[in-house]
Structures are given as C-alpha cells and as structure tokens.
Amino acid sequence: MSETPTDERDVVRIDFGFRRELAEKIEGNLAGFCYQCGACVGDCPATTYGTTFNPREVMLKVLYGLGSELLTEDSVLWHCTNCYNCHERCPQEVKPVEVIISLKNMLADKGFYPGPVEKVIKTFETTGRTTPQSAATDRQRERFGLPPLAPVPMDEIRKLIE
Ligand code: SF4
Ligand code: SF4
C-alpha cells in the first residue's frame, strides 16, 4: 500500500532554539508539562476583551516552538493582565503566567512593546515605581489607615537595571 505524501503546509517545524531560550528565561521547561486541558482559559479575563488571546493556545505555540508567531510587533501577549488566575487553575503547575511574562520580556528585548508599557518602564526607571505617586496617594493611604510609602532605594534599583 502506498503512503499518502506529506503536504508541506501540514508540517509543523519545531523551533528548538526558541524553546531553549525561553526555558533558560523561566528556569525550566514549564510549558513542556502542558497537556492542553484548557483550565487556564476559563478564568482568564484577557479572553473576554474580544481579542484572540488564549493562554492554552499560547502554551501550544510554546510547545511547538512557534516563536515567530508569538514574538511579533503586534503580539497578543500584552493582553495578559498578569492576574495569576491561570497559575491557580493549572493542574500541571505549568504556571502559564510565568511563561507569558518571560515571553513579554523576550518581546521587550526586541523592542516590541506597546506605548502604555513604555510609559510604565519610564516611570519605573525614574521613580522606582510602576505608577506615579503623589500627595493624593498619601492622602488616600491615610484615609485607609495605611502608613506613607517608604522611599525607594533608587541607587540599588539603577544598579539592578544596569
Ligand atoms: S491549565 Fe495548564 S495544562 Fe491545562 S492548558 Fe492551561 S497550561 Fe496547559
Ligand atoms: S495571568 Fe494572563 S493568561 Fe493568566 S489568567 Fe490572568 S490574564 Fe489570563
């Protein structure tokens, strides 16, 4: 019996280089334990914005090593809010959010990040915080019985950034 010839369009070529690079960033091949159950999708707020973002699909692309589809200038990964719901849901302890954060770091290394993220980076570089603080912040904290925020050790932060 003759075998059906393979259609080139059906072949998935695993990019092992991308997988290795990602595994180094997250200290382990976390996505390798994903068995595609979809539990991470049910409670993911980022799937409800009418986008194509889906953490299970992200993990599948990681498994296939499809870095070229994930690390794009208009990457859908920025829709992830880092809420950690998927981390709590995953029965395999894949920590999808950690994988996604590492992918975001890879995007940032390439200079691919949206304007609002650039603003957060600049605020962090200048103040050591991700959101600007003002006298209003202190007043709000006082209202809730919280102490004023401690000063940020900027010298240490600059060294860490370097
Ligand atoms: S919940 Fe975990 S195992 Fe299931 S699809 Fe998501 S990452 Fe994979
Ligand atoms: S951390 Fe990201 S991927 Fe995970 S549930 Fe929250 S928004 Fe979805």
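We did not get these values from a lab; they are worked out from the coordinates using the rules stated. Keep in mind that what you see is a predicted model, and the values were worked out from it rather than measured. Here Cβ is always computed from backbone atoms with ideal geometry, including for glycine, and neighbour counts include all displayed protein chains.
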Cα gyration tensor shape of the range 116-161, rounded if a/c is under 1.5, else prolate or oblate by comparing a/b with b/c: oblate
Taking the Cα centre of the chain as origin and charging only Cβ (+1 Lys, Arg; -1 Asp, Glu), how large is the dipole, in debye to the nearest 20? 620 debye
Summing +1 per Lys or Arg and -1 per Asp or Glu among the other residues with Cβ less than 14 Å from C34's Cβ gives +2
Give me the net charge for the shell around Q92: Cβ to Cβ below 15 angstrom, other residues only, Lys and Arg +1, Asp and Glu -1. 0
Within the set K25/K119; K25/K61; K122/K159; K25/K104; K95/K159; K25/K110, which residue pairs have Cα atoms separated by over 22 Å? K25/K119; K95/K159
Quick check: net charge around V152, other residues with Cβ under 12 Å of its Cβ, Lys/Arg +1 and Asp/Glu -1? -1
Expected max-MSF residue from P96, P45, P151 in the GNM of the chain (alpha carbon, under 10 Å) is P151
Cα atoms only: what Rg and Dmax, in Å, come out for the chain? 20.1, 80
Sort out for me the Cα centre separation of the range 1-76 from the range 81-151, rounded to whole Å. 24 Å
